[in-house]
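The values are calculated or read from the model by the stated rules, or taken from the named source; none is laboratory data. Since the structure is predicted, the reported quantities are computational estimates derived from the model, not experimental observations. Every residue, glycine as well, gets a Cβ built from its backbone with ideal geometry; the counts of neighbours run over all protein chains shown. For the accessible areas, the whole protein counts, side chains as well, though only heavy atoms, and no ligand, DNA or RNA atoms are used. Shrake-Rupley method; radii C 1.70, N 1.55, O 1.52, S 1.80 Å.
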Amino acid sequence: MLNFAEAEERIYRNPIRRRAITRMGSGRPRQEFFEPEEWRAFIAAFDDEAGFMAQLERARADSPTRRRPGSDASHRQFARFREWRPFFRGLLYVCSRLQELADLRWRSIDLRRGIVTLHQQKTRKPKTLPIAAPWRAELEARDRGLPDAYVYRRANGAPLDNQGAQRAFRLALVLAGIQKHLTPHSIRHTALSWLATAGVSKAHRDEIAGHARRDVGDGYAHLTCPALAPALAILARIEAEGFNENERSSLS
């Protein structure tokens, strides 16, 4: 339960030492990641103002005190909901935990060299990744603040909050018609699952994920950023086009 709470980012760290308790068997595997088509529907939900207003209307039927669809307040609410789109898309390309991207500041982004450095809460170590082309386009379109300013922030300059992320994520799932058990942390699983399906090596997947365990004899104690760029290009291709024939065959 505590491992689950940590994965869901409800607690910072499981106080029980890893592998101290024997793991119980699972009845069937859980699909805790987006298929490419589901991901595109999820991202598109943040532009679906008509669907958003229809959902408000359904909620208002159960509680008449809720905001009236079409009002100025409801349009402002949709604008706030839409602001989460680039954040969740960024999560796919950094393959990080929610709070790690929420804490990202402009000083950690080097658009000239095309790299980003994120501080990992779990390992307490930084990880540096190439900036994938789709994410770079979104970063370049954002208002760039001072070096200490948050990349993703609320109107008052404060960082994005976990509770708001959970609400926006659940609403986007509803609008996209996705009924799987997914959470913001599932985006990290999605990136790694897509890369595995595309045949990206475990060494590269581990480096992108920021897994801390490295043995001296691994042969890849630290892969360079340029070596990871092709893997992130594959991620962008799957997001845009879905799996190719070989990848689909490997799933069946």
| task | Could you check how many residues of region 71-88 are touching a helix residue (DSSP H, G or I) at 6+ places or on another chain (Cβ under 6 Å) and open to solvent by 20 Å² or more (accessible area, probe 1.4 Å)? | result | 4
| task | For LEU160, work out the one condition from (1) more than 30 Å from ARG80 (Cα to Cα); (2) of a type outside the set (Phe, Trp, Tyr); (3) open to solvent by less than 30 Å² (accessible area, probe 1.4 Å); (4) modelled with pLDDT under 95 it doesn't fulfil. | result | (1)
| request: Kindly indicate which of ARG205, ARG170 is among the basic types (Lys, Arg) and either farther than 23 Å from GLY242 by Cβ or in contact with a Cys (Cβ under 6 Å, 6 or more places away or on another chain) (or both). | output: ARG170
| task | Could you tell me which numbered condition ALA172 fails, if it satisfies all but one of (1) in a helix (DSSP H, G or I); (2) free of Cβ contacts under 8 Å to residues at least 60 places away in the same chain? | result | (2)
| query | Assuming THR190 fulfils every condition listed in (1) surrounded by 12 or more Cβ atoms within 10 Å (Cβ to Cβ); (2) modelled with pLDDT under 95 apart from one, which condition is it? | reply | (2)
| Considering residues of region 109-122 that are free of Cβ contacts under 8 Å to residues at least 24 places away in the same chain and outside any loop (DSSP other than H, G, I, E, B) only, the residue most open to solvent (accessible area, probe 1.4 Å) | HIS119
| said: I'd like to know if region 123-144 contains one or more residues that are among the acidic types (Asp, Glu), assigned to a loop (DSSP other than H, G, I, E, B) and within 25 Å of ALA236 (Cα to Cα). | reply: yes
| Is it true that ILE178 is open to solvent by less than 30 Å² (accessible area, probe 1.4 Å), modelled with pLDDT of 90 or more and part of a helix (DSSP H, G or I)? | no
| request: Can you run down the residue pairs with Cβ atoms below 8 Å, 6 or more apart or on separate chains, where the first is in region 234-247 and more than 13 Å from SER193 (Cα to Cα) and the partner is not in a helix (DSSP H, G or I)? | output: ALA236/ALA132
| said: Given the condition surrounded by 12 or more Cβ atoms within 10 Å (Cβ to Cβ) and either modelled with pLDDT under 95 or of a type in the set (S, T, N, Q) (or both), answer yes or no: does some residue in region 215-224 qualify? | reply: yes
